[in-house]
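The values are calculated or read from the model by the stated rules, or taken from the named source; none is laboratory data. Model, not experiment: these values are computed from the prediction. A quick note on method: Cβ atoms are made from the backbone with ideal geometry, for glycine too, and the neighbour counts reach across all protein chains shown. Just the protein is used for accessible areas: all its heavy atoms, side chains included, with ligands, DNA and RNA removed. Shrake-Rupley method; radii C 1.70, N 1.55, O 1.52, S 1.80 Å.
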Amino acid sequence: MPLAETASWVEWWESAAARVAFPDPVLDEIIRDRIDTAAAIWQARQQGQSGAAGDLSPLAADLSVRFGPGHIWSVSRLETYRTCGYLFFLQSVLGIMPRPEPTEGLDIRQLGSVYHIIFEQVTANGLPDPPTETAIRAHVTAVATPILDAAPEQQGFRQTPWWTQTRTEIIDNVTRSLIALADGDYTLYRAEAAFGIHSPPLVIGHGDDRLQLRGFIDRVDRRADGAIRIIDYKSGGKSGYTATAFQNGKKLQLPLYALAAQEALGLGEVADGFYWHFQQAEPSSFQLHKAKEGIKDVIQTAVAHAWEAVIQIRRGQFAPQPPDGGCPSYCLAAAFCWHYSPRN
């Protein structure tokens, strides 16, 4: 195949390798230079040399301006950095977006989006009173049906033969979740409580510096005495949402959202909070009221982890760090990261 007609780098290299020599001496020299450069970078990475190991400290001045006191962060970006600095670099510094392979059915992101939309609209005008299973299921079905009808087009996925069953499971999971959350001392107070989005962000001071955060709190419940409970919905499994993940700085959302509920939104004193997993209709094992150190100390630990991430980002430290248990297959760098370690 002529090199000018190749459709990808794979085809280009296959076609070029089949030739005895490159037809253009200038092209030949360019390709040799690229190969030499790639080889030098690979060797530097193996030897741990700074520029090839995620150390961009020479750009610290520029990064400190870009991610300075005026920058408004999302907690998810800070969690991404705490998980792997190189992934943050690709996403938030270079702005590289993934090109997912086309598949049938919903992926985890699309499924989570559908659940969030249903939960938001189901709770928008309150729940049936009394919250019996029959009443809640009827309410969920009425709200969810048009959302699920529009989901394939809006979320961009192709229906599969089991889409009808998936719809039933979604309605059942939402119903079970609402029933479980209605059983106790708390009642629904607010849904989709936003801060830093058309409203002031959460501002955390650190000497003359500041860290600003924005986000959506999926659900806020209130107790009769005015104390509140915050809940963040998750479509994935429960295994990663543990006290250990929090202590290691991998999961910061819950305590930082608790601080935002108190300070940015002024909703009251947070007495509890947890991640709620749709498909299991269960809370995470990490829950604020169970923390031995107390909620205030949990929040301060999360703030310290967040500041550490911001400082390292400003210093240009983006070394790859495979997460515990291996890297996800959907990682942007799966095809080229020299530390990529697939999950078992």
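For the stretch 204-228, the set of residues classified as in contact with a helix residue (DSSP H, G or I) (Cβ under 8 Å, 6 or more places away or on another chain) and not basic (Lys, Arg) consists of Ile204, His206, Leu211, Leu213, Gly215, Ile217, Asp218, Val220, Asp221, Ile228, listed by residue number.
Ser285 falls short of the stated requirement of being at pLDDT below 85, under 30 Å from Asp172 (Cα atoms) and open to solvent by 70 Å² or more (accessible area, probe 1.4 Å). Taking (1) open to solvent by 20 Å² or more (accessible area, probe 1.4 Å); (2) touching a residue at least 40 places away in the same chain (Cβ under 8 Å) in turn, Ala333 satisfies each apart from (1).
Can you find even one residue in the stretch 135-149 that is at pLDDT below 95 and part of a loop (DSSP other than H, G, I, E, B)? Among the residues of the stretch 135-149, not one is at pLDDT below 95 and part of a loop (DSSP other than H, G, I, E, B), which makes the answer no. So which residues in the stretch 95-134 are within 29 Å of Leu56 (Cβ to Cβ), of a type outside the set (Lys, Arg) and either part of a helix (DSSP H, G or I) or open to solvent by 50 Å² or more (accessible area, probe 1.4 Å) (or both)? Of everything in the stretch 95-134, those that are within 29 Å of Leu56 (Cβ to Cβ), of a type outside the set (Lys, Arg) and either part of a helix (DSSP H, G or I) or open to solvent by 50 Å² or more (accessible area, probe 1.4 Å) (or both) turn out to be Ile96, Met97, Pro98, Pro100. A count restricted to the stretch 266-282 and to residues that are among the acidic types (Asp, Glu) and open to solvent by 20 Å² or more (accessible area, probe 1.4 Å) stands at 2.
Looking at this structure, is Lys296 open to solvent by 50 Å² or more (accessible area, probe 1.4 Å) and assigned to a loop (DSSP other than H, G, I, E, B)? It is false that Lys296 is open to solvent by 50 Å² or more (accessible area, probe 1.4 Å) and assigned to a loop (DSSP other than H, G, I, E, B). Can you work out which of the residues in the stretch 51-94 that are in a helix (DSSP H, G or I), under 11 Å from Arg315 (Cβ atoms) and of a type outside the set (S, T, N, Q) is most open to solvent (accessible area, probe 1.4 Å)? The residue in question is Pro58. Scanning the stretch 300-326 for residues that are of a type in the set (Asp, Glu) and either closer than 20 Å to Trp73 by Cα or surrounded by 16 or more Cβ atoms within 10 Å (Cβ to Cβ) (or both) yields one hit, Glu308. Meeting the requirement of 3 or more residues that are open to solvent by 40 Å² or more (accessible area, probe 1.4 Å), the helices (runs of 4 or more DSSP H) wholly within the stretch 153-265 are 163-182, 243-247.
Scanning the stretch 135-144 for residues that are free of Cβ contacts under 8 Å to residues at least 12 places away in the same chain and either surrounded by fewer than 12 Cβ atoms within 10 Å (Cβ to Cβ) or touching a helix residue (DSSP H, G or I) at 6+ places or on another chain (Cβ under 9 Å) (or both) returns a single hit, Ala142.
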